[in-house]
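Asker: Here it is, the structure in full.
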Number of protein chains: 2
Amino acid sequence: CSMEMELPAAVVICFSVLHLTLPGVRALDNGLALTPPMGWLTWERYRCTTNCRDFPDDCISEKLMKTTADLLKSGGYLEAGYDTIIIDDCWSEKKRDPSGRLVPDKSRFPSGIKSLSNYVHGKGLKFGIYANFGNYTCAGYPGTMNYQKLDATTFAEWDVDYVKLDGCYSTEADRDEGYPSFSKHLNNTGRLMVYSCSWPAYASHSVYDKLPTYCNLWRNYADIEDSWNSVLDIIDHFNKYSRIYTGAAGPGHWNDPDMLIIGNFGLSEEQSKAQMAIWSIFAAPLIMSNDLRNMPSWAADILLNKDIIAVDQDPLGIMGELVKQTGHIDIYLRKISPHSQGQYSYACVFLNRAVGGAKTRIKFTPSQLGLTADGGYIVKDLFTGESLGHYSPTDSMKADVAPSGVVMYRFNIAIGYHSQNEISVITVQNFDESSGYKAITNKKKPSWSWKTVLY
Amino acid sequence: CSMEMELPAAVVICFSVLHLTLPGVRALDNGLALTPPMGWLTWERYRCTTNCRDFPDDCISEKLMKTTADLLKSGGYLEAGYDTIIIDDCWSEKKRDPSGRLVPDKSRFPSGIKSLSNYVHGKGLKFGIYANFGNYTCAGYPGTMNYQKLDATTFAEWDVDYVKLDGCYSTEADRDEGYPSFSKHLNNTGRLMVYSCSWPAYASHSVYDKLPTYCNLWRNYADIEDSWNSVLDIIDHFNKYSRIYTGAAGPGHWNDPDMLIIGNFGLSEEQSKAQMAIWSIFAAPLIMSNDLRNMPSWAADILLNKDIIAVDQDPLGIMGELVKQTGHIDIYLRKISPHSQGQYSYACVFLNRAVGGAKTRIKFTPSQLGLTADGGYIVKDLFTGESLGHYSPTDSMKADVAPSGVVMYRFNIAIGYHSQNEISVITVQNFDESSGYKAITNKKKPSWSWKTVLY
């Protein structure tokens, strides 16, 4: 299913063929993560901050975890679905105890992990922890190689609900044995734990056949960083391998493009909306890494957008993808419920990759996106919250999309409406209608075109 | 004066030698722009939007200019110093009139430019316009080549206060003749007009000897775009050519790193603070291009920060520069008033180029920045507005700087204080004290180091 499709009909065919393969995928048999996991993780914002003397509010500690658990509940995040709080690397002592057990850092987790887990559960949240398959974790703490059964047992005894298993300090052969093996050790404990594998981030694409069998979610690519460059880099990676990734995703087994960095330092409001929207198209885990004590209200509004969370958590669990790139505009679609007689509802995101000027106007009809249900669609703008009304497949629509921003529409199928025959053309219309970009000496080639595109 | 200095003393020497050359620069003899121009310009946000039917609020028109003039006054921008409103390209008809005069687009400027200029002056603002030295403007409108005297006369008759002369569709020889020549034509009109030259953006660095003689300000480099990448690219360019640019700048003649894009789509709040801070270090024109009708309040707060504007507009007019890069931290200094007996006050900006994690703590003493006045300094944080008190050159200080953000301190010399002898070391302390960055397969090399740096 090429990215270079010319006819709307091709979009529909592409989608249909792809998802016929889904029933053949065997998922990790723990019944968990039937929708993508949601929660909060320490890494992107807090990294391996262990100096609690100089940085008491930002070090990896039970204080940070408890405070964040409180805010996940009081800030409405738990209610919105962010139900799991996870410690990443740097929580343990540098050595196991004499019996070989992992022990938490005594000064930063003086009450112990079991106590922290109890606290988290008392808030109605689930508790997640980090391990690494190699001899060491990425930051040099004890690794799980040679301790798989003991670590799985320890986590179960601590009432852990979610385990992220990283892959530093291991060979490909180690990982090919270790990720499936640890999956079985987790299951053998009898405690249900969501299993997040960093396996494919360290591996070739050949592992994708095995991932759904052993993992509830998996990190496909490099760590996210606090920048729009990083978000675009991850989106580009997912677009490049869309066929593999959409084929592997489904209820119980998800691709993970990494944490939501909304509320940190590097993304503008428009860029933050873009991450939230595209992640929901990708049926991605929505796992924040930010400072809930200190965040602008617009960031909380984006993270708590119920309509977009509903797209992410759609019960059909069909991952969406890029369906067209035209000039500086990407169009993403995801099949969602309700569906009827082979016709689906859709989430649609227009991403504007421009780096200047005002908004770009996109003119289109639903049928040009491949949305051809006879009864048409009830359409809602998921960021403004505005109900746009009923549109038949050939009705004209528009979207004004900000540079490095998105517009996201939900198209719910509306049965019983008889469509009219109309002729229309998708137009990407730049406000700037001049003949070209300013040709200044030493100027780098602009990353997008100013030309009006028809297709 | 190398960027690779190791001793604080070298910083001071570098500054002193450089600015001894300033008295030799002859400035454009019109008495204007004794501090860097401030105002608003159409280009970055509105480009060449001429379709007023579909985009009535965003097309280049007298409506946009009048509305913005109103908001410059009512929003406190004029009072803060943003006193000039400038139209960029795409304001004229595609052909001159039978007498060879430029005429404004009849549908978008139905009242004419003189009427618009009167309106702007009625608000207490100055009025600026755009021309291009070649046969055409960059967007294909009539150019000023062969019409220099007539266009200068026309602008004077329209009571124009500021002319930006672009350089598309011209050869190097054309520009070497044309920019000085148009300067004389402007002066010959008898009306005082600030003269902004795009000359060096199209030329080699050899023109810098001539710029102060003919131009009040000049665009050194490519157009800014609405992204943090673009802001960093411009900062890097200015750092690379710091010796040339600081030598050319002074009252009446300024380097122009291009428009402030604060309030648009591509910069986060931290990144917006960074642009404002570094532009003020560079003694840059503060010329916004944004939508004053629709801007978050934090963006207005940054643009209206009186303390930072005061640094930009410092009457000494000494351009500042990068004095040290250490790990992911840049340190910028600018000599400002008050000064006494060869000792200056300083503006200091710490720029954090990190793309992840929490804030970075910088520990330093004023003397390590080259600030060695015996009496010490009265220090203020220009973004929080907090007065930090008195510091002698050897007192310990710190700054916590967000990723892709800045901290900006003003050090005013305090006479009569006797400093103590203390020993201290500048430390750049990352919150993350782990041994290294996570080594994930396929991971790009991180753009900054996690190591603790001492110097």
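Throughout, read-outs are computed from the coordinates displayed, never taken from laboratory work. As the structure is a computational prediction, the values presented were derived from the model and not from experiment. Methodologically, a virtual Cβ is constructed for each residue, glycine included, from the backbone with ideal geometry; neighbour enumeration extends over all protein chains shown.
Asker: What is the stretch A:38-313's relative contact order, in percent, from Cα pairs under 8 angstrom and six or more apart in sequence?
Answerer: Details: 505 pairs, mean separation 46.1, N = 276.
Worked out over the stretch A:38-313, it gives 17 percent.
Asker: What does the charge count near A:Pro200 come to, summing +1 for each Lys or Arg and -1 for each Asp or Glu among other residues with Cβ under 12 Å from its Cβ?
Answerer: Once positives and negatives cancel, what remains is -1.
Asker: Lys and Arg at +1, Asp and Glu at -1: add these up for the other residues within a Cβ distance under 10 Å of B:Leu217 and post the number. Working shown, then result.
Answerer: Numbers: positive: B:Lys164, B:Arg219; negative: B:Asp256.
Computed value for this residue: +1.
Asker: Could you list which residues have their amide H under 5 Å from that of B:Cys168, counting only those 5 or more apart in sequence or on another chain, with H placed in the peptide plane?
Answerer: Residues meeting the amide H criterion: B:Phe133, B:Gly134, B:Cys138.
Asker: On to the next question. What nm distances, shortest first, do you get from the label point of B:Ser387 to those in the other copies when the point sits 7 angstrom along Cα to Cβ?
Answerer: 5.8
Asker: Let me know the longest stretch in chain B that avoids all GluC sites (Glu not before Pro) found in a DSSP loop with at most 12 other C-beta atoms within 10 Å. Please list the in-between numbers first.
Answerer: Working: sites that count: B:Glu4, B:Glu6, B:Glu386, B:Glu422.
Of all site-free stretches, the longest is B:7-385.
Asker: To continue, here is another question. Can you quote the Å³ per residue value for the convex hull of the Cα atoms in chain A, rounded to an integer? Let's see the in-between values first.
Answerer: Values: hull volume 70.0 nm³, N = 455.
Output value, Cα hull per residue: 154 Å³.
Asker: State to the nearest 20 debye the size of the charge dipole of the stretch A:321-413 about its Cα centre, where the only charges are +1 on K and R beta carbons and -1 on D and E beta carbons. Kindly include the intermediate steps, with their values, before the conclusion.
Answerer: Details: 10 positive and 7 negative charges, 37 e Å.
Using Cβ point charges on Lys, Arg, Asp and Glu, the stretch A:321-413 gives about 180 debye.
Asker: For a quick check: sort B:Ser337, B:Ser367 by the number of other beta carbons within 10 angstrom, fewest at the front.
Answerer: With the sparsest Cβ surroundings first, the list reads B:Ser337, B:Ser367.
Asker: Which Cα, out of B:Ala80, B:Pro366, B:Ile287, lies furthest along the positive dipole direction of chain B (beta carbon charges, K/R +1, D/E -1)?
Answerer: After comparing all options, I get B:Ile287.
Asker: Follow-up question, since we're still on this one. How many angstrom lie between the C-alpha centres of the stretch B:214-281 and the stretch B:34-98?
Answerer: Going from one Cα centre to the other spans 20 Å.
Asker: Structure shown: which of A:Lys73/A:Lys126; A:Lys359/B:Lys123; A:Lys273/A:Lys306 lie over 19 Å apart, alpha-carbon to alpha-carbon? All intermediate terms of the calculation are to be shown ahead of the outcome.
Answerer: On the way: A:Lys73/A:Lys126 12 Å; A:Lys359/B:Lys123 29 Å; A:Lys273/A:Lys306 13 Å.
A:Lys359/B:Lys123, as the Cα separations exceed 19 Å there.
Asker: Please work out the Cα center distance from the stretch B:316-392 to the stretch A:119-188, rounded to the nearest Å.
Answerer: 46
Asker: Let me ask you something else. Check the axis relating chain B to chain A and name the residue of B whose C-beta is nearest, distance in whole Å.
Answerer: So the chain B residue sitting closest to the axis is B:Ser268, 2.
Asker: Give me the percent relative contact order of the stretch B:321-413, please, defined on Cα pairs under 8 angstrom at least 6 residues apart.
Answerer: Contact order relative to length: 33 percent.
Asker: Give the residue from A:Cys52, A:Tyr377, A:Ser115 lying farthest towards the positive end of the charge dipole for chain A; charges sit on Cβ (+1 for Lys and Arg, -1 for Asp and Glu) and the dipole is referred to the Cα centre.
Answerer: A:Cys52
Asker: Right, next: Of the DSSP beta bridges with both residues in the stretch B:38-313, give the percent that are antiparallel, rounding to the nearest 5.
Answerer: Details: 3 of 27 bridges.
That works out to approximately 10 percent antiparallel.
Asker: Hey, another quick one. Could you work out the pair-distance distribution P(r) of the protein assembly as shown from its alpha-carbon pairs, with 10 angstrom bin width and percents rounded to whole numbers?
Answerer: 2, 12, 20, 21, 19, 15, 8, 3, 0, 0
Asker: If neighbour count is taken as other Cβ atoms inside 10 Å, put B:Cys48, A:Cys52 in order from fewest to most. Don't skip to the answer; put the middle values down first.
Answerer: Details: B:Cys48 29, A:Cys52 17.
So the ranking, lowest neighbour count to highest, is A:Cys52, B:Cys48.
Asker: To continue, here is another question. Taking the label point as lying 7 angstrom from Cα along the Cα-to-Cβ axis, what are the distances from A:Leu150 to the corresponding position in the remaining copies, in ascending order and in nanometres?
Answerer: Spelled out, the distances from A:Leu150's label point are 9.1 nm.
Asker: To the nearest 20 debye, what is the magnitude of the charge dipole of the stretch A:38-313 about its Cα centre, counting +1 on the Cβ of each Lys and Arg and -1 on the Cβ of each Asp and Glu? Intermediate values should be presented prior to the final figure.
Answerer: On the way: 27 positive and 36 negative charges, 166 e Å.
Value, rounded to 20: 800 debye.
Asker: Placing a label point 7 Å from Cα toward Cβ, how far apart in nm is A:Asp301 from its equivalents in the other copies, listed shortest first to one decimal?
Answerer: Counterpart label points of A:Asp301 in the remaining copies fall at 1.6 nm.
Asker: Let me ask you something else. Among the complete DSSP H segments of chain A, which ones combine at least 15 Å of alpha-carbon extent along their axis with a mean Kyte-Doolittle hydropathy of -0.5 or more? Show your work: numbers first, answer last.
Answerer: On the way: long enough: A:8-19 (18 Å, 2.02); A:62-74 (18 Å, -0.45); A:172-188 (24 Å, -1.71); A:228-240 (18 Å, -0.23); A:269-281 (18 Å, -0.45).
Helices meeting the criterion: A:8-19, A:62-74, A:228-240, A:269-281.
Asker: Kirkwood hydrodynamic radius for the stretch B:128-223: how many Å is it when counted over pairs of different Cα atoms? Present the calculation step by step, with values, prior to reporting the outcome.
Answerer: Details: mean 1/r = 0.0769 Å⁻¹.
It is 13.0 Å.
Asker: Treat the stretch A:321-413 as a sphere of radius equal to its Kirkwood radius over Cα pairs and apply Stokes-Einstein at 20 °C in a medium of 1.002 mPa s; give the translational diffusion coefficient in µm²/s, rounded to a whole number.
Answerer: Numbers: Rh = 13.4 Å.
Using the Kirkwood radius from Cα pairs, D works out to 160 µm²/s.
Asker: Please identify every one of the trypsin sites (Lys or Arg not before Pro) in the stretch A:143-195 that sits in a loop by DSSP and has no more than 13 other beta carbons within 10 Å of its own beta carbon. Working shown, then result.
Answerer: On the way: sites: A:Lys149, A:Lys164, A:Arg175, A:Lys184, A:Arg191; in loops: A:Arg191.
Loop-located and lightly packed - none at all.
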